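Since the structure comes first, as structure tokens, the remarks are kept for the end.
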Amino acid sequence: MNSRTLALTAFAAAAIASGAAIAQDKKAMDDKAAKGMEKCYGISLAGKNDCAAGPGTTCAGTSKTDYQGNAWKHVAKGTCTTITTPKGTGSLTPIKS
């Protein structure tokens, strides 16, 4: 096997593995939603979000600033809008930063 074939095989294996990891992460998020949790935007600290942190980011732990409006964390249903931060309260929809 030449080095080009080996490199292509390794790249393909990595792509498949990352796809499986993303699918697992989505399933975990869906499970939380079904268990009385909801997405709450604008409450997470930098790098501590559960998912969605805007363009150019992948998912969990990718928010760049504290209380970033387009990054969310799972919280118990009904509690999001009662959470207070230095920038206001949590939101059930993305907040413009």
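Working out 0.36 nm times the residue gap between residue 45 and residue 64, then minus their Cα-Cα distance, what length gain in nm do you get to one decimal?
Values: separation 19, 0.36 × 19 = 6.84 nm, distance 0.86 nm.
Length gained, residue 45 through residue 64: 6.0 nm.
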Q: Give me the accessible area of residue 87, 1.4 Å probe, in Å² rounded to the nearest 10.
A: 150 Å²
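Taking all protein chains together and a probe of 1.4 Å, list 41, 67 from the most accessible to the least accessible.
Listed by decreasing accessible area, they come as 67, 41.
What net charge do the residues around residue 69 carry, taking every other residue with its C-beta under 14 Å from that of residue 69, with Lys and Arg at +1 and Asp and Glu at -1?
Working: positive: 39, 64, 73, 87, 96; negative: 66.
The answer is +4.
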Q: For residue 60, enumerate residues with amide H under 5 Å from its amide H, sequence gap 5+ or separate chain, H modeled in the peptide plane.
A: 52
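The values are calculated or read from the model by the stated rules, or taken from the named source; none is laboratory data. Bear in mind the structure is a predicted one, so any value in this text is a computation, not a measurement. Heads up, the Cβs are rebuilt from the backbone with ideal geometry, glycines too, and the neighbour counts pull from every protein chain shown. We work out accessible area using only protein heavy atoms, side chains counted, and drop any ligands, DNA or RNA first. Shrake-Rupley method; radii C 1.70, N 1.55, O 1.52, S 1.80 Å.
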